Each structure stands twice: as C-alpha cells, then as structure tokens.
C-alpha cells in the first residue's frame, strides 16, 4: 500500500507527520470526512489531530479542515507536536470538494507539484459573482482544471458530486472513497470502510458513495465520451430545409442555423422556419462579400434572429409547460417512487399586456386601450397565480393558452416584433459593407432582449438606447469598439447606471 | 435545541481516573471543569466557544449529578457578573464567551470582580476569535487582563496542556484572590486530541451552603474607600503572589535551555506553530526537541521577571513570538531587561509582522530572519522550506472569494428580498445592521447595511439619524439574539425615550441562529431547563412602542414588502417595530426531517416540496438570483445551443421554502419557476382523480405532440 508515502510510513520511525487539508464549503460534510480519517487512523495505530475554523464560514462559506497523522509513539509521554494549520508547501494530501476550491488550494500554496496529491471534484458550485452576472459570468472551467493539474504532484479527479448523486450518497463519502482509492495513506480499504461503519450515520449510502469514489480514483469509472454530435442532426420533417442550408449557407454557420430551424418549427411551424432562412439570405450575401471564413456576422445574426423570432409569449410558455417530455423530466428529477404522486405547480403572473400580446392585433389594441378590462385582468391575476399543471383544470387552462399559437402570426406582439426585426436586419445589411465589425456587434445587440415583465421592458429600453446612439456612433472611427462598450455596459448591471455612464463616455 | 447535538460525546465527561479521553478541545475543557470541582458555569454562546455551551446543555443531567449549576446567561455581562458568587464563598465558578467582543460586553462586571477579588477560583474562558475565519474586529483579550489585573493563561494547544491550564487556573485564582482568564484560540477550541482523564469532583462547599449561610465583607465591595485599597492590594499582594505561584508551580515551561546563546520566548498558544517551523528549518525533531532554547509562556500576564532574567541572561538575543497587537509582551520584556541591565537583544515585531494572524508560514519567515542574523550556520539557505522562500508569482486561475451567506431556505432571506423590492420603489434608505446571520445582508446579492456597532446595537447605531425634517426614515435590523442580549433597552427603549420616528426589523428565527441555534426567551420550542416562548412584540409594546407589526411567515414576500413599505411611509410618528418571524431553516430541517421520514413509514400522507426552473423558458437574466442569493438557486449551462448565457437552476439541496416562487410572483420576474410536490401515501380518492386527469392529459399531449414529430433526430 501507500504508493506515495511509502518511504516515510514504511520507515521504523516516521520523521514527520502526514498532513492532509480538506477544502469544503459549509454543509458539505468536510467535518465528517475529517472525523472518518481521524477515526480510521486511531484504529490503525496512528495518533491523529484535526482542527478547523468553522465559525460563520459554516454558512455556505469555504472552510479548511486540517488533519495530521503520526504513528502512535512507543512512549506515551513523548507525543509528537502536531500543527494546527497547514503550512504552504508542506501538505501531502489536499481534498477539494469542488473545482474552484481546488484552484484556491493551489493559489494558497497548499498544493505543490513536488509533494501534494490533490483529490479534487471537478464539479462547479458557482460563486455569487458568477451567479449574479446578468449574462455569463462563469470562470473558464479549463483554466481552473489546468491550475489544479499543474499545481499538484498527482491529480485524482472526477465529478465526485455526480458520483454522490448517482449513488444517492454525499460527496464526503465519495471523497473518502477516492482517498482510499488513491492509495496514499498507509491503511487498507477495509479500515476506511470500518470508519464509516463506526460513524454509524447513513452507513449504507455512505458505503455506496465510498465505493463509487474508490472506483473513480482507480480509474474504473472512466466513461466513453460522447463523440457523436447529435446537435447537427435534424429529423425527417426538416430534411428539405436542411438540404437548403447545406446549399446556401456557409458551413461555419450550420451549428447555429440547424438548431435554429428546429427551434422555429417547434415554436411555430415549418413555414416559419423557412421564413427564417429567407430573412437570413441577405446576411449570407453580405457575409460573402466580406469573406471571413468564420462568418461571425452571419452566425450572430442567425442566432439572434432565431431567438427573436421565437420570443417567449404566453402561448409559448404554456406550450412548453404542458408537454409530455417536461412532465417526464420533472417526474424523473423528483426521484419519486411508484407509490408516490407528483404534482407540478407553475408560478405565473399574467399581465394585461401579455394577454393582449397573444390576441389578434385589433383585439389586443382594444384591450390595451380598455382600462376596465385591464383592471379586470389585474384583479384576476392579483398576486400571481399558482397553476397545477398536473391537474385537469390547470392543464386545460394552459392548454387553452398554448392554443393561441395558431393565431400567433396575426397577434399584436407578432406585428410589433416583425417590424423591429426588419429594422434591425436592414440596419445590419446596410452597415456591413461599410463597417463589417460594427455590423457584427449590432448583430449581437438583441442579446439585451431577454426575460419577462420588467426585466424585458428594461432590456427593450437598453436596446432602443443603443439603436438610437448608433447613427452618431457610425461617424466615429472606432464605432465598433464604442458600440461593444455600450453593449457590455448594458449587459453588466440591471440598474442601467453603467449604460448611462458608458453613453456619456462615448458621447464625450 | 442547538444545531449540533453532543448527546453522544458528553458520555465522555463520565470518564474516570486513568481513562483516555479522545475528543474536541472544548469538550476537554468541560471535562477539566468537572475534574476541578466547579460549582457553577455561566456563559454566552459565540464561536469558538459555542460548543462549550452546547456540551454543557447536553450534559445537564451529569452536571446535576455533580451539583453543578449551569446558566445560559442573558449576555456576557451577565455571565461575568455571575462570578460574583466566588467573591465571598469558596465556590469555583467559570464564565465563558467569545472574545474580544464578549469581553467588551463583560468588562464592567470583570473590572468590578477583579477589583474586589475572589475567594473561590474564578475562571473566565475566552474563545479568542482572531485570524482566519474570524467574524469580528481584530483585537486582543490581553489588554483586558492588563487593565483589570487578571491573570491570563495561554496554554500550549494540545488537550493535555489545555486541561492542565483549567486546573492550574482555578488554583492560581485561589492562591492570588484574582480572577483568571484562559485564552483559547479558535483552532485550539476545535482541535481533536486526547488526554488521560481524572475523576470528576463534586464540590465540597455547595451553592446551597452559600445561600443558606450568607456572608458579606465590605472590603470586597467596590466602593470607596475599599476600592482604593483594592488597587493597592492588587499591586502589593496579588501580583507578587501570582508571580510566586507561577514560578513555584512551573506554569511556564523552558525547553532545551543551554543549547545555544539565542532563544525564543513565545505564547503557549503559538507553541505548535513554532515547533513546526523549527522542524521545517531542521532545528527540531517532530517531538519538539529543539536546537534553540524555548521559553513558553503558558501564562502571558503577568510575566515573571525572575524567569525572564534567568532565560535571557546568558543569551545574545531572544525572539519574541507574540500574536496580535499592540506588542504588550515585547514591551514588557524590554522593560524587565532594561531594569535588570541585561544587554540581551530583543527581537519580535521587527522580525514578524506587527498585525495579523501568526500562521505557520509567517512564523517560519520570522524565525528564519532571526536565525539568519544570529546563527546563519544553522540553516541551509538552499534547502529552506517553501514558506520561508520568496513567494512565487500567483497562479493565473481566477478564484472568487466565497463569503458566508444565508443558508438554503433561510427565513431571513425574504426579509432582505422585500427590502430590495421596497428600495426599487422608494429608493435606498440608511440601513443599520447588527450582529447575527442577518449581517450577511451587507454582502452580495443584497448589499444592504451601512454599519454594525455590535450585538443588539443595530437600532442604537442609527440613533443620531433622527432628524425631524428628513423625508426618509432609517431601517435598523436586529436579531432575536441581539434583542434579548441588550437590544430591548439599548435599541427599543432608547428609540422610545428619544422619540425616534424610524424603523426596526427584529429578525425572530426562534434561536440565536448564528452561534449554532441556542434557545432564548422567545424560542418557539419548549425547553425543559429554560423558560421560552415569550413574545418579542409584547416586550416591545411593554417599553412603549405603539406601532408594532408581526409577520409570522417571512416567506410571504408580498406581506413582508408591504409592511416594510408601510413602516417607511406611514404618517404615524414614533418608533416602528416589525417582528419578522420564521424558524431558522437549518434547525427546522434538522428537527423535521427524521420526523417526516417516520411519518411516511407509518403511512401518513406527507408532502415534500422542491422548486425547479424550466430551462426552456429561462432566458438567463439571473434577476431571480440577484433577489435571493439562495445556495440552492444557481446556474447551469444553457441546453439551448443558440443561447450563450447560463440558465438558472435549482439544485437538489432545495428544501422548498418557496421564496423562488414568491420572488417570481412579487417581482413579476418570469414564469420559469415551478414547484414539485411529491406526495407520500396519497389517499385513495386522490389517486383515483389523478388517474382520471392523467388519462385525459396524456391523450391531449399525444395528440398535440404529433406536431413536433420529425423535428429532432
């Protein structure tokens, strides 16, 4: 045993303690893991010391549990002096329950390439900064993984959180298994398992998690990566359209355009998807003139045109909520057993505008002009509605709503969006020959149009602010850069302050 | 009921002579108290000594067997004042709290106690919350010991030495008629180790003896002229007595003296870090056999001049390893050597940083600097440990801080979500924060709270902002813990008396949740050894507040928002108090989970709820996260290949508190949230109606689903 520490643990008198640091977040069982290690070591003839700094960090913050092990001395009066905190550069084993924590351990110097076996789970628990970004604030996964890999002597990694989920266990048990499987401590597998049994809480599930972690560390969980890219395949109904795409659209745009026609057929119908390709045709020509092989303008225009054309109105939301596939997915996620019933309840808040949006345009306009009708709807929806989609009444309510899809092309909102889309597209096509870069940026600007209710209204406001700034910007030499700046500012906070600030800067 | 149960561990408190005790430092302290024949213990919870209180609570029957009285004090001041029982009676007593914050609160009582002195041993166990993981201002308890003339113990951080320090502390206290402080750093409190136990001792003189045979001695009361005499007595009698006792009983330790003409003087608590540093520099073995003489101050106040002189007289230089600032010990050492006309050079804060935690890395660097100057031949520059070498450039990976935050399902979160929503309508208000979990509101995503002046002082912290002509009111926050600690008088009474027109939100979650869920007067649970279930609203009315609103379910976001808005805009003048009640989710889950499981097994109809987000309708704006910050509400890659921004998602740790749905409704965010109810043991009728409904639903789903055939491969 003990491939890593053999020279030390195997010697007659060990000259230094085995040092182990566990980085976990509050509630992940880092303390339990430390206790298992201590119990195992004590049963295995070792002296064990562990300590931690829990305090408020227990409340979802990150904590370090630190363990030192030393063979039980012959003479009880000469106990070794064990440290209460890890020394950077002097840690044998670091266990991290998450990838950013692993990178943190490297950054803190706890993991060093000459010494440390890093057992890290590659799952991400996103930080508040990453979560609250209005767009995509995630830190690059590969960057974190590379930091972990290059920082450690040996990296034992897997998505241990997923293994815990699969075995209905907890990540601490899986990590304990991985520690056993990594073969870095002078104890046999049985001793590890005895510690779990000795702990006495949730033994069966912990042992299952342990086994999964053990197998991972031994490389027995290696999965065959899914190499077949199913994204680029379409069903029989779309074969003709796909053929058209093959002929008329450059290859670099296919990974956008193919899913787009799927989405639009799903959203409305085949004609709608065809209409999409028609609308996109002038952009293809504009792109061809410029000749960039990676077709950024076309890709972004294709992406946002598809998203814009599939705007989320009430009937679309209802349509997605009542689907069979969704029912099955929720049922599966709930992990309900055969004898249990699963009910799904939606939190909806229909507003007068949203009802008006899906009505045929004249009716919609009438509704928006009728104050008493709006009041009636507001009263009806007061405080929002909780609709049980799995009940007949709730299902039929949404089913009825979803049915408005058939008249969508004549709806108030459709008219409105069609006009805006045309304006945006013609703007792109007009700008592209003069300033390709600017056109590509403008192609991305509908990214601002997302969300519902107030969020959506704010997005629309920002979008329009950008569009109205455009004519003035076009005269500048660095128009694309300036426009990008405005777009980023609009995306970066939801108060609009940054956009206002950026607008002033650009105007100056 | 506290967050962590020690019912299993407390059995270790029964261990007898010669048996091996294995466990946490704080549990060892409890055992040491019992071995020392303590009569009473009082304290106030707070990291790192919360567990000491929890252990004592769970050990109540053992305490009763031994005739030990244990109190959850109303505050640290109460705990310290409790030690008054040792002034006239030969009773050993202990008080415990978090330091320095608790010591700040306790210092009035401590100063009075120290002035008059004690007959029975009085031990103040302070958990020094300093350095990594600390949640308070960075100060030292050392100053309190100095200003009031109490002796300060700082033992080596292993269980044997900590237990010995407790026993020594009582004896020293009695030998010198002086209360003794025992300082335990956060890691020492939580360290798992072992020691050889002794039998518990039942106090010979009992509390009952004291009550039935009252004694008073005016010379022990802090009132002139006795108070002037007491000051003289401290210097004339107690100080020399302490130095004598420390010396005669070798409370401080010297290791490997005579090996070199340089040495290290260190606080006992720093011992393990110093030995590890020397070990890494090749100057000690793992058992602490050092090549540099060590003088370990297990008593850091007072210093024993004779010992210092003896250790220094044949040395060229000594290094002082003293954590924290100011450098009280170092200054004292300079004075002692100067008076003794010894030329030994003293280094300390010139080799080590003046401020900040002395981590092992810091200590290694400091010792290296010292050795380099006086005995460079002892270290191999080429083979220095990493921590003593210049730091390599930081790795490039972007690592975000993870500040603590509200737990999943926390009932305090909706209070701040509601404040955020009101902020959108009425603009920002000055928010005065307090101490407790609710203080996390100052961090993202809420960013609410401008100052925090101490436990229970939330409303006091906004007292000056009470201008009659202001168009906005201030909002103060206070937890139920802080409220009963002192907030009722320092905040509410003060606001009534000074005719405040501002708003207080009392967060009532049934426990002092931040310290680990201990019970207080307003706890909803019945506690066999404490009186609970008293109303905060009644107490507030009792001191004269007219405008009081109670929200009994904080997750009802609309109500919460409306009441805050009302408090901020009502024409009614005078102080306004909102009591926002909902049980701490962490404790509730711990209580209800096993109960629910049992109910299900017994065939009862139980509904368990979780929330979810439909990835197809989520547009990746994350407004919901910005209004919640729940750990269970996070992001996931967008399954739609066209969308770039990650979608919101609810992970399995969700406990179905319902805030997501409420936020979606009240802030009118989006229709993506749904709740899944899983019903165990549904009724027969329920099953029947479900079957009928599903048959029709499935028919319609199949029929309409055909439209989607052939789109996806």
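If the requirement is being at pLDDT 95 or above, touching a helix residue (DSSP H, G or I) at 6+ places or on another chain (Cβ under 6 Å) and more than 14 Å from chain A (Cβ to nearest Cβ), which of these qualifies: B:296, B:304? Before the answer, list the steps.
On the way: B:296 fails: more than 14 Å from chain A (Cβ to nearest Cβ).
Exactly one residue qualifies, and that residue is B:304.
Report, by residue number, each residue of the stretch A:270-295 that is on the phi > 0 side of the Ramachandran plot and surrounded by 16 or more Cβ atoms within 10 Å (Cβ to Cβ).
Taking the stretch A:270-295 first, the residues on the phi > 0 side of the Ramachandran plot are A:291, A:295.
Answer for the stretch A:270-295, where residues must be on the phi > 0 side of the Ramachandran plot and surrounded by 16 or more Cβ atoms within 10 Å (Cβ to Cβ): just A:295.
Looking at residue B:561, is it more than 28 Å from the chain's Cα centre (by Cα), crowded, with 19+ Cβ neighbours inside 10 Å and at negative phi?
Numbers: more than 28 Å from the chain's Cα centre (by Cα): yes; crowded, with 19+ Cβ neighbours inside 10 Å: yes; at negative phi: yes.
Yes; evaluated as a whole, the condition is true for this residue.
Return the total of residues in the stretch A:331-349 being over 29 Å from the mean Cα position of the chain (by Cα) and more than 7 Å from every other protein chain (Cβ to nearest Cβ).
Here is the first cut: in the stretch A:331-349, the ones over 29 Å from the mean Cα position of the chain (by Cα) are A:338-341.
Retained after the next criterion (residues that are more than 7 Å from every other protein chain (Cβ to nearest Cβ)): A:338-339.
Residues meeting the conditions: 2.
Out of all the residues in the stretch B:664-693, which are without any contact (Cβ under 8 Å) to a residue 24 or more places away in the chain and in contact with a helix residue (DSSP H, G or I) (Cβ under 9 Å, 6 or more places away or on another chain)?
B:668, B:689, B:692, B:693
I'm told residue B:419 meets every condition in (1) within 11 Å of chain A (Cβ to nearest Cβ); (2) in contact with a helix residue (DSSP H, G or I) (Cβ under 8 Å, 6 or more places away or on another chain) except one. Can you identify the failing condition by its number?
Failed condition: (1).
Could you identify the single residue in B:570, B:634 that is under 19 Å from residue B:667 (Cα atoms) and either facing chain A (nearest Cβ under 9 Å) or touching a strand residue (DSSP E or B) at 6+ places or on another chain (Cβ under 9 Å) (or both)?
B:634
Does residue A:216 satisfy the condition of being in a loop (DSSP other than H, G, I, E, B) and either under 29 Å from the mean Cα position of the chain (by Cα) or not assigned by TED's automatic domain parsing to the domain that holds residue A:101 (or both)?
On the way: in a loop (DSSP other than H, G, I, E, B): no; either under 29 Å from the mean Cα position of the chain (by Cα) or not assigned by TED's automatic domain parsing to the domain that holds residue A:101 (or both): yes.
No; evaluated as a whole, the condition is false for this residue.
Determine which member of the set A:195, A:180 is under 31 Å from the mean Cα position of the chain (by Cα), assigned by TED's automatic domain parsing to the domain that holds residue A:99 and in a helix (DSSP H, G or I).
Numbers: A:195 fails: under 31 Å from the mean Cα position of the chain (by Cα).
A:180 is the lone residue from the list that is under 31 Å from the mean Cα position of the chain (by Cα), assigned by TED's automatic domain parsing to the domain that holds residue A:99 and in a helix (DSSP H, G or I).
Here is a check on your reading of the model: is residue A:327 within 9 Å of another protein chain (Cβ to nearest Cβ), in contact with a helix residue (DSSP H, G or I) (Cβ under 8 Å, 6 or more places away or on another chain) and under 30 Å from residue B:559 (Cβ atoms)? Please lay out each step first, then the result.
Values: within 9 Å of another protein chain (Cβ to nearest Cβ): yes; in contact with a helix residue (DSSP H, G or I) (Cβ under 8 Å, 6 or more places away or on another chain): yes; under 30 Å from residue B:559 (Cβ atoms): no.
No: the conditions fail for residue A:327.
With A:352, A:356, A:432 as the choices, which residue is away from chain B (no Cβ under 11 Å), surrounded by 18 or more Cβ atoms within 10 Å (Cβ to Cβ) and within 30 Å of residue A:474 (Cα to Cα)?
Numbers: A:352 fails: within 30 Å of residue A:474 (Cα to Cα); A:356 fails: within 30 Å of residue A:474 (Cα to Cα).
None of the others qualify; the one that does is A:432.
Only one residue in A:18, A:22 is modelled with pLDDT of 95 or more, under 34 Å from the mean Cα position of the chain (by Cα), more than 9 Å from chain B (Cβ to nearest Cβ) and surrounded by 24 or more Cβ atoms within 10 Å (Cβ to Cβ). Which one? Don't jump to the end; show me each part of the working.
Values: A:18 fails: under 34 Å from the mean Cα position of the chain (by Cα).
On inspection, the qualifying residue turns out to be A:22.
Within the stretch A:315-325, can you find the residues that are surrounded by fewer than 20 Cβ atoms within 10 Å (Cβ to Cβ) and either on the phi > 0 side of the Ramachandran plot or in contact with a strand residue (DSSP E or B) (Cβ under 9 Å, 6 or more places away or on another chain) (or both)?
Within the stretch A:315-325, none qualify.
Kindly state which helices (runs of 4 or more DSSP H) lie completely within the stretch A:65-174 and contain at least 1 residues that are under 16 Å from the mean Cα position of the chain (by Cα) and within 9 Å of chain B (Cβ to nearest Cβ). Full working, then the answer.
Working: elements: A:99-107, A:128-132, A:141-151, A:160-166.
Ranges flagged: A:99-107, A:128-132, A:141-151.
Would a scan of the stretch B:376-384 turn up a residue that is surrounded by fewer than 23 Cβ atoms within 10 Å (Cβ to Cβ), in contact with a helix residue (DSSP H, G or I) (Cβ under 8 Å, 6 or more places away or on another chain) and either facing another protein chain (nearest Cβ under 9 Å) or within 30 Å of residue B:561 (Cα to Cα) (or both)?
The first filter runs over the stretch B:376-384 and keeps only residues surrounded by fewer than 23 Cβ atoms within 10 Å (Cβ to Cβ), leaving B:376-384.
Now restrict to residues that are in contact with a helix residue (DSSP H, G or I) (Cβ under 8 Å, 6 or more places away or on another chain): B:378-379, B:384.
Still in the running and either facing another protein chain (nearest Cβ under 9 Å) or within 30 Å of residue B:561 (Cα to Cα) (or both): none.
No: the stretch B:376-384 contains no residue that is surrounded by fewer than 23 Cβ atoms within 10 Å (Cβ to Cβ), in contact with a helix residue (DSSP H, G or I) (Cβ under 8 Å, 6 or more places away or on another chain) and either facing another protein chain (nearest Cβ under 9 Å) or within 30 Å of residue B:561 (Cα to Cα) (or both).
Quick one: is residue A:101 under 30 Å from residue B:285 (Cβ atoms) and either touching a strand residue (DSSP E or B) at 6+ places or on another chain (Cβ under 6 Å) or outside the structural domain of residue A:21 (by TED's automatic domain parsing) (or both)?
On the way: under 30 Å from residue B:285 (Cβ atoms): no; either touching a strand residue (DSSP E or B) at 6+ places or on another chain (Cβ under 6 Å) or outside the structural domain of residue A:21 (by TED's automatic domain parsing) (or both): yes.
Taking the combined requirement at face value, the residue does not satisfy it.
In the stretch B:15-57, which residues are more than 30 Å from residue B:589 (Cα to Cα) and either in the same structural domain as residue B:521 (by TED's automatic domain parsing) or part of a loop (DSSP other than H, G, I, E, B) (or both)?
B:15, B:16, B:17, B:18, B:19, B:36, B:37, B:38, B:39
Between B:508, B:469, which is in the same structural domain as residue B:537 (by TED's automatic domain parsing) and over 24 Å from residue B:662 (Cα atoms)?
Details: B:508 fails: over 24 Å from residue B:662 (Cα atoms).
Exactly one of B:508, B:469 is in the same structural domain as residue B:537 (by TED's automatic domain parsing) and over 24 Å from residue B:662 (Cα atoms), namely B:469.
If we scan the stretch B:185-203, do we find a residue that is closer than 17 Å to residue B:88 by Cα and in contact (Cβ under 8 Å) with a residue 40 or more places away in the chain? Don't jump to the end; show me each part of the working.
Here is the first cut: in the stretch B:185-203, the residues closer than 17 Å to residue B:88 by Cα are B:203.
Add one more test, that the residue is in contact (Cβ under 8 Å) with a residue 40 or more places away in the chain, and what stays is B:203.
Within the stretch B:185-203, one or more residues are closer than 17 Å to residue B:88 by Cα and in contact (Cβ under 8 Å) with a residue 40 or more places away in the chain.
Would you check if there is a residue in the stretch B:662-671 being in a loop (DSSP other than H, G, I, E, B), facing chain A (nearest Cβ under 7 Å) and surrounded by fewer than 19 Cβ atoms within 10 Å (Cβ to Cβ)?
Keep residues of the stretch B:662-671 that are in a loop (DSSP other than H, G, I, E, B), which gives B:667-671.
Then keep just the ones that are facing chain A (nearest Cβ under 7 Å); that gives B:668-671.
Filter once more, so that each one left must be surrounded by fewer than 19 Cβ atoms within 10 Å (Cβ to Cβ): B:668.
Yes.
What number of residues within the stretch B:448-494 are surrounded by 22 or more Cβ atoms within 10 Å (Cβ to Cβ), under 21 Å from the mean Cα position of the chain (by Cα) and assigned to a loop (DSSP other than H, G, I, E, B)?
Here the count works out to 5.
Just need a number here: residues in the stretch B:385-399 that are at pLDDT 75 or above, facing another protein chain (nearest Cβ under 7 Å) and not in a helix (DSSP H, G or I).
As a first pass, look at the stretch B:385-399 and keep what is at pLDDT 75 or above: B:385-390, B:397-399.
Among the residues that remain, those that are also facing another protein chain (nearest Cβ under 7 Å) are: B:385-387, B:397-399.
The next check asks that each one be not in a helix (DSSP H, G or I); those that pass are B:385, B:397-399.
Here the count works out to 4.
Please find, within the stretch B:329-375, the residue that is surrounded by the fewest Cβ atoms within 10 Å (Cβ to Cβ) out of those that are without any contact (Cβ under 8 Å) to a residue 24 or more places away in the chain and within 14 Å of chain A (Cβ to nearest Cβ).
Here the residue is B:362.
Quick check: anything in the stretch B:664-673 under 22 Å from residue B:592 (Cα atoms) and touching a strand residue (DSSP E or B) at 6+ places or on another chain (Cβ under 8 Å)?
Pass one, the stretch B:664-673, residues under 22 Å from residue B:592 (Cα atoms): none.
Checked the stretch B:664-673: no residue is under 22 Å from residue B:592 (Cα atoms) and touching a strand residue (DSSP E or B) at 6+ places or on another chain (Cβ under 8 Å).
For the stretch B:456-464, does any single residue satisfy the condition of being assigned by TED's automatic domain parsing to the domain that holds residue B:557, more than 26 Å from residue B:661 (Cα to Cα) and without any contact (Cβ under 8 Å) to a residue 12 or more places away in the chain?
Going residue by residue through the stretch B:456-464, those that are assigned by TED's automatic domain parsing to the domain that holds residue B:557 are B:456-464.
Restricting the remaining residues to those that are more than 26 Å from residue B:661 (Cα to Cα) gives B:456-464.
Narrowing the set further to residues that are without any contact (Cβ under 8 Å) to a residue 12 or more places away in the chain leaves B:464.
Among the residues of the stretch B:456-464, at least one is assigned by TED's automatic domain parsing to the domain that holds residue B:557, more than 26 Å from residue B:661 (Cα to Cα) and without any contact (Cβ under 8 Å) to a residue 12 or more places away in the chain, which makes the answer yes.
What are the residues in the stretch A:290-321 that are outside any helix (DSSP H, G or I) and more than 7 Å from chain B (Cβ to nearest Cβ), if any?
A:291, A:292, A:293, A:294, A:295, A:310, A:311, A:313
The values are calculated or read from the model by the stated rules, or taken from the named source; none is laboratory data. Predicted model, so just to flag it, every value in this text is computed and none were measured. Every residue, glycine as well, gets a Cβ built from its backbone with ideal geometry; the counts of neighbours run over all protein chains shown.
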